[in-house]
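Q: Sending over a structure as structure tokens; questions will come in a sec.
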Amino acid sequence: MWFLENAWLVPLVPAVSFAVILLVGKRLPKQGSEVGVAAVGASFVLACGAALQWIQRVADAEGADAEGGHALARVIGALGRSVGRLGAEEAHGAVVEPVTRHTTWFQNGGVELGVGIQIDGLAVMMMFVVTLISLLVHVYSTEYMRGDRRFTHYYAALSLFTASMLTLVVADNTLQLLVGWELVGLCSFMLIGHWWEEKPNSDAALKAFLTTRTGDIGLLTGVIMTYFVVERATGEGSFSILAVNEAATSGEVGHTLLFWTAAALLLGIIGKSGQFPLHTWLPDAMAGPTPVSALIHAATMVVAGVYLGARVYPVFWEGFSIDDGGVNLMAAVGGITVIIGAALAFVQDDVKKVLAYSTISQLGYMVMGLGVGAWTAAVFHLFTHAFFKANLFLGAGSVSHSGSHHSFDMKKDMGGLRTVMPTTYRTFLIGTLALAGIFPLAGFWSKDEILLGAGENGYELFLVVGLVGAFMTAAYMTRCVYYVFFGEYRGGDHAHADPSHAAGDEVVEHHLAEAQDRHEDDRLPVATAHAHDDGHHGAPHESPGLITVPLVVLSVFSVFAGFLNATAFDIEKFQEWVEPTVAFVPVEHHAFDWTKAVISVAIALLGIGASYAYYWLGLGPQRLAERNAVARAGKRFLVEKYYLDHLYTDVVVGFVKAPLARAAYWFNQHVIDNVLNYTGRGARALGRVTYDYVDQKGVDGVVNGIGLTTGEAGGAVRTIQTGRLQFYAFLLVAAVVVFAALLWVAG
Amino acid sequence: MEWSEWALSLAVFLPGVGALIVMLIPRAEEQLIKTVALVTTLATFGVVVGILADFDYDRSGELQFELNNRWIDVINSRYHVAIDGISLPLLALSAFVTLLCVIYSWNHFPEPHNPKAFLALMLVLEVGMNGTFVAQDLILFFIFFEVVLLPMFFMIGVWGGPNREYASIKFFLFTLFGSAMMLLGFLALYFKVDVPGGNTFDMVALSEAAGAGLTRGTANLIFAGLFLGFAIKVPMFPFHTWLPDAHTEAPTVGSVLLAAILLKLGTYGFVRIALPMLPDAAEDWAPWIGLLAVIGIVYGALGCLAQSDMKRLIAFSSVAHMGFVMLGIATLTDFGINAAIFGMVAHGLITGMLFFLAGSVQHNFHTRELSRLGGLLVQAPKMGWILGFCAMASLGLPGLAGFWGEFPAILSAFSPAEGLPVETFRTYMVVAAIGTVLAAGYLLWMLQKVAFGTPKPEFEHAHVHDVNAYEWTAWLPMLVLILVLGIFPNLLFGVTDDAVTQIANVFGG
């Protein structure tokens, strides 16, 4: 049990690594990268240890359960749940208590708030995914980021990210989860804006932070409400995730509160996990280095929202009445995201953006899965998606690193790379097939289970949505593979297109131009770019081992990860290990359905076939958008990303920043301030009148002459000073009089 | 006398002695003047550290280091000083920030130079600030409260920017107006509240009486006077307009002290005087205070977005941040008031740091126009990163101090004290949560304008100093505290909790 009880070490190690890299990283021989790799490697080992011990724990519990000797655990587990849930729990088999540790963080108003760990199957799974992919990205980056202008900072940020993400994962309470959540947002901001010299990069970083922060309005209020959910049920508030889940399932919390809690948290999920309508930051986030996109914006941070949904699932289950079927907010958001994300992937020229929109669409599947009551399937999809999407992103990085002169433009700078980059090609292809859901790769199993759940739980509409999405996924990924790896190599063409330019100059200019365009170049614009590029210019070639080995590892997972829950062969390990047995809701599990599986694979193959026919064979309506007005309008709508960016940037932000903020400021300067200034001026005038007529002419009339003379002499100097002071005196007296009178009356 | 009796008086008046010595030294002896000021503030801080060490944290709800002597018999006013868990952190903050300001000033004297007058004023200011946080008698409190006013008036008026005259007079009159109202409130408390043993200005006795013998109407009226006095100081919308002008024109150190300590006098007044002495009226007023607080949060943020001057932007952000503090207070719960005190300290450190940075940016570029700045990270990377750190702290990133002022304040609004309108406060909660997004907006916008990108052509070859030794000495302690309080909030909550609970108990929260 050592690994489970000491799982707090898993986030702590990279946190220490962050501090070390920050303080001494630049002086180390490998500029801090060795510290980062070692730390996350250690975390990975710890996470694996925890995973093995958890599996052992589950096996022990089941063994004990079978012997009937572990009745106590059963009773304890049942205590938190209402009697009505007992039936569901029996279906789950043995009760496996999470391993928790807790210590007081601070005390405020008699309320004790803590930090702690809650290690269960879900947390263990997530720790494994985060540390594994982080480790691979750390290794990959030693080559990919070699010679970068802020190499050490990059590794410091990666370490901080890993630590924050793991803090979020192991959190035993929603407040700690929120802390980790905000910190990964900070790291995302830092890494998207890694090359902040160019404005588009810092714009993208700001956009990402502000958009997710908009969602965090929901998270903030939602987390606050989880505290009061527990208070309603037990009389004492708490952020503890177990307590929240128990309270939500206890039936003692009003539905209204649960609904609003779920809705608020859903807003947080929408922001963080790139769901419609707050998904617009994710494609822009591709401005960051590609390994970062793989780690943060595909495999881990963006699934934090889904993780939150899975972690406090009973709140959503009860709040959205997921058991009832039909339609609910969560399923709807996920379903819409599946389609709108996939549609946008078709009109991208930038391979990273194709993958970004694909990520949005796949995150939609996960949220939809949670929304239709397919908890295990959604979490399983989170698991498999992490591997094949990281695989694809790192593959795209490999292409740009060694095949396309740091460009990500599929149409201009790639093509025909399958022969020169065989490893990258093969691993990318595996990732593509896994993403498309082709039997028996990882994506097939998880996606199929989501669709199965949607169909069986009374969410037929979302079954259709999922199938349409599967078709689109297969089609746009085939298109992507075509542009990158097939056809003629188009990279470098423009360097020789115009013979009047010396090729060398052209390359430099080309690079400068690309650097202006944020995502085309992962490198710095001027000096270092030359130094770095020297070794890479010339013909495309396969990337070195530091890049291809992570690709191979990930593609192995992309093939085999799905077999953890290959229900067709009666393997349900993932469900057995990951699905909570304490304070959980009675989610249903359905037997594998060969008919549906065949249909969904057929649909995916149809998507691949359609793309193949269109791109390879040149069949179908080529260049339709140039001939048909309706198609043109449709394409434009997609290219403009449904005009959502315009809505947010120009209308919302534009309105807040310009008219609204200016109006508020105008109000400040001209209304509030003028009330004051005119009061001042009026009082001064009154004071002058009093002084001139009452005091000087009346009381002091005798020495009139002297008074006038001095008044005139010092007049210019004293106008402001005496005037203000008189005003002050007047105000003071007037105030005292008025107030005293009021007191007199009232008293 | 025991150390525990004279420690507080020493902490209050030692800077005064220093000011006297500084005034006796000829103006030309600049080095000596600076040394005396430094030694004085250092000694004062030493005394406060001694108090921190000696403070009994298990009894932080009770008054400690108490001294209660005869003073002005004719009005029953006594020299009564003492601290509890609420005063202690603020007293420490005051001594701490003043010391750092003296260090920062070492080679940053604004025109027209004259370190003698500048430092003497700063020391006098410290007397007022420290005194306000330890006074337990209303007259004593009032005097210290007013002592603060004059040095700041001269600091802005003499060492300020081009529009200093207007700004300083506005600051002076505005706050003095509030003070007059507050004094009336104090007098009314003296005459109207039934205290066993006769009329008194003693704050302890008045808090225990809790407005006994007042009709609801009178209590509300007296509260109005106190409210004006404190709300102007905080400042709350719509009484805030002196603040941006004062900050913009004030010299760097003046801005730092203004933001870090002076604003807290107002919020401290609410917690120490208005709430416990007039609890019934506080309940009537709380929804309105909460309303003004959340208006301030949004309005301050919008004001920030409209600025083109870095320092003025930071000034407006104070309006927004103090809105969170006041929201916490308005809930009348222990949770909210604890958050408010945390917010005061956090805002003092973070916004103080931001003003330091704005000062150093101006020192380097001779401008604070956001449109002309850019690429600070290229020319002065350390300063740029510190700015990023402070911006993140200011927008309430968890793990840094700012978060613990904001989050619990928002949380407390979900469930305010009994008798307050719950739905109204929940609306405030949502508005405040929206305010956190706007805060991120203007701070990151400023960060992008100042730090990211490349330097503008006019400054491409400018000679820019990165953080120098004086700046490091002044800033590092603040930066460390921002981080440490963010990670271990209990360092502060642990001190304030008992004292706050006592106040909040009156409201059944």
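Q: Taking the simple approach of a point 7 Å from Cα along Cα-to-Cβ for both A:Thr103 and A:Gln622, what is their distance in nm?
A: 6.8 nm
Q: What ranking do B:138-144, B:352-358 get when scored by the average of other Cβ atoms within 10 Å per residue, highest first?
A: Those peptides, ordered most packed to least, come out B:352-358, B:138-144.
Q: Follow-up. What is the Cα centroid distance between the range B:351-429 and the range A:88-164, reported in whole angstrom?
A: Answer, in whole Å: 27.
Q: Give me a comma-separated list of calculated 3J(HN,Hα) values for the range B:457-474, in order, Karplus coefficients 6.51, -1.76, 1.60 applied at θ = phi - 60°, integers in Hz, x for any Gly or Pro.
A: x, 5, 10, 4, 10, 5, 8, 10, 8, 7, 3, 9, 4, 5, 5, 4, 4, 6
Q: Rounded to the nearest 0.05, what FRET efficiency do A:Arg232 and B:Arg59 have when you use their Cβ-Cβ distance and R0 = 25 Å?
A: 0.10
Q: Among B:Thr200, A:Asn245, A:Ile599, whose Cα projects farthest towards the positive end of the dipole of the protein assembly as shown, with charges put on the beta-carbon of Lys, Arg (+1) and Asp, Glu (-1)?
A: B:Thr200
Q: Relative to a virtual label point 7 Å from the Cα of B:Ile25 in the Cα→beta-carbon direction, which members of the range B:124-165 show backbone nitrogen distances below 16 Å?
A: B:124
Q: Towards the positive end of the charge dipole of the protein assembly as shown, with charges on Cβ (+1 Lys, Arg; -1 Asp, Glu), say which of B:Ile83, B:Ala504, A:Gly271 has the farthest Cα.
A: With unit charges placed on the Cβ atoms, the residue in question is A:Gly271.
Q: Right, next: In the structure shown, do any of A:Lys657/B:Lys449; A:Lys353/B:Lys382; A:Lys199/A:Lys352 have a Cα-Cα gap over 23 Å, and if so which?
A: Details: A:Lys657/B:Lys449 15 Å; A:Lys353/B:Lys382 34 Å; A:Lys199/A:Lys352 19 Å.
Violating the 23 Å Cα-Cα cut-off are A:Lys353/B:Lys382.
Q: Just going by the charge dipole of the range B:3-505, with Lys and Arg at +1 and Asp and Glu at -1 on Cβ, which of B:Leu275, B:Pro162, B:Leu121 is farthest out on the positive end?
A: Sorting the options by dipole projection puts first B:Pro162.
Q: At 0.36 nm per residue, and after removing the present C-alpha to C-alpha distance, how many nm does the segment from A:Glu488 to A:Leu606 gain when stretched out fully?
A: In short, 40.0 nm is gained.
Q: Sort B:289-300, A:136-147, B:375-386 for me by packing, meaning the mean count of neighbouring Cβ atoms within 10 Å per residue, highest on top.
A: The packing order, highest mean first, is B:289-300, A:136-147, B:375-386.
Q: In peptide A:213-221, what is the residue-averaged number of other protein chain Cβ atoms found within 10 Å of each Cβ?
A: Mean shielding by partner chains, rounded to a whole number: 6.
Q: So if R0 is 30 Å, what FRET efficiency would A:Tyr643 and B:Glu458 give, r being the distance between their Cβ atoms, rounded to the nearest 0.05?
A: Numbers: r = 38 Å, r/R0 = 1.26.
For A:Tyr643 and B:Glu458, the calculated efficiency is 0.20.
Q: Then there is this: Could you work out the helix-only [θ] at 222 nm for the protein assembly as shown, with each DSSP H run of four or more residues adding -39,500 (n - 2.57) and the total divided by the number of residues, to the nearest 500 deg cm²/dmol?
A: Helix-only estimate at 222 nm: -22500 deg cm²/dmol.
Q: Distance in nm between label sites at B:Ala210 and A:Glu572, each 7 Å beyond Cα in the beta-carbon direction?
A: The modelled label-to-label distance comes out at 6.0 nm.
Q: Between the helical axis of B:310-330 and the dominant principal axis of chain B, each derived from Cα atoms, what acute angle in degrees is found, rounded to the nearest 10?
A: 20 degrees
Q: Kindly put B:Thr351, B:Thr200 in sequence by how many other C-beta atoms sit within 10 Å of each C-beta, fewest to most.
A: Final ranking by Cβ density, sparse to dense: B:Thr200, B:Thr351.
Q: If packing is taken as the mean number of other Cβ atoms within 10 Å per residue, what is the order of A:641-651, B:361-371, highest first?
A: Highest to lowest by the protection proxy: B:361-371, A:641-651.
Q: Let me ask something additional. At most 16 other Cβ atoms within 10 Å and a DSSP loop assignment: could you name the GluC sites (Glu not before Pro) in the range B:48-132 that fit? Don't jump to the answer; show the numbers that get you there.
A: Values: sites: B:Glu62, B:Glu66, B:Glu126; in loops: B:Glu62.
Within the range B:48-132, the qualifying GluC sites (Glu not before Pro) (loop, at most 16 other Cβ atoms within 10 Å) are B:Glu62.
Q: Mind checking the angle between helix B:164-192 and chain B's longest principal axis? C-alpha axes, 0 to 90 degrees, to the nearest 10.
A: Roughly 10 degrees, rounded to the nearest 10.
Q: Counting only C-alpha contacts under 8 Å and six or more residues apart, can you give the relative contact order of chain B as a whole percent? Can you show the working numbers first?
A: Working: 934 pairs, mean separation 77.7, N = 509.
For chain B, the relative contact order is 15 percent.
Q: Average partner chain C-beta neighbours within 10 Å, per residue of B:334-340?
A: Per residue, the average neighbour count from other chains is 3.
Q: With charges set only on the Cβ (+1 for Lys and Arg, -1 for Asp and Glu), what does the dipole of the protein assembly as shown come to about its Cα centre, in debye to the nearest 20?
A: 2660 debye
Q: Roughly how tilted is helix B:334-365, in degrees to the nearest 10 and between 0 and 90, from the longest Cα axis of chain B?
A: Between the helix axis and the principal axis of chain B, the angle is about 20 degrees.
Q: Right, here's the next one. Taking a spot 7 Å from the Cα of A:Ile672 along the direction of its beta carbon, which residues of the range B:138-169 have an amide N less than 17 Å from it?
A: Residues B:167 qualify, since their backbone N sits under 17 Å from the label point.
Q: Quick query: amide H of B:Leu214 versus all other amide H atoms, modeled in the peptide plane; which residues come in under 5 Å with a sequence gap of 5 or more or a different chain?
A: Close amide H contacts, sequence-distant or interchain: B:Asp194.
Q: Would you work out the charge dipole size for the range A:250-408 about its Cα centre, treating the Cβ of every Lys and Arg as +1 and the Cβ of every Asp and Glu as -1, and quote it to the nearest 20 debye? Let's see the in-between values first.
A: Working: 5 positive and 7 negative charges, 80 e Å.
Charge dipole, the range A:250-408, about its Cα centre: 380 debye, nearest 20.
Q: Report the calculated FRET efficiency for A:Ala613 and A:Glu460 (r = Cβ-Cβ distance, R0 = 30 Å), to the nearest 0.05.
A: Between A:Ala613 and A:Glu460 the formula returns 0.50.
Q: Between rounded, prolate and oblate, where does the range B:3-505 land on the alpha carbon gyration tensor, with a ≥ b ≥ c its root eigenvalues, rounded for a/c under 1.5, else prolate if a/b exceeds b/c?
A: Oblate.
Q: Let me ask something additional. Report, as an integer, the average count of C-beta atoms from other chains found within 10 Å of each Cβ along B:378-389.
A: 1
Q: Please give the charge dipole size of chain B, origin at the Cα centre, charges +1 on K and R Cβ atoms and -1 on D and E Cβ atoms. Round to the nearest 20 debye. Kindly include the intermediate steps, with their values, before the conclusion.
A: Working: 21 positive and 36 negative charges, 265 e Å.
With Lys and Arg at +1 and Asp and Glu at -1, about 1280 debye.
Q: Among B:Tyr470, A:Tyr155, A:Tyr307, what is the fewest-to-most ranking by other Cβ atoms within 10 Å?
A: By the 10 Å Cβ count, ascending, the order reads B:Tyr470, A:Tyr307, A:Tyr155.
Q: Using DSSP to call loops (not H, G, I, E or B), can you name the GluC sites (Glu not before Pro) in the range A:395-491 whose Cβ has at most 16 other Cβ atoms within 10 angstrom?
A: A:Glu488
Bear in mind that the values in this text are calculations on the coordinates, not laboratory data. Keep in mind the model is a prediction, meaning the values are calculated, not measured. Note that each Cβ is placed from the backbone with ideal geometry, even for glycine, and that neighbours are counted across all protein chains shown.
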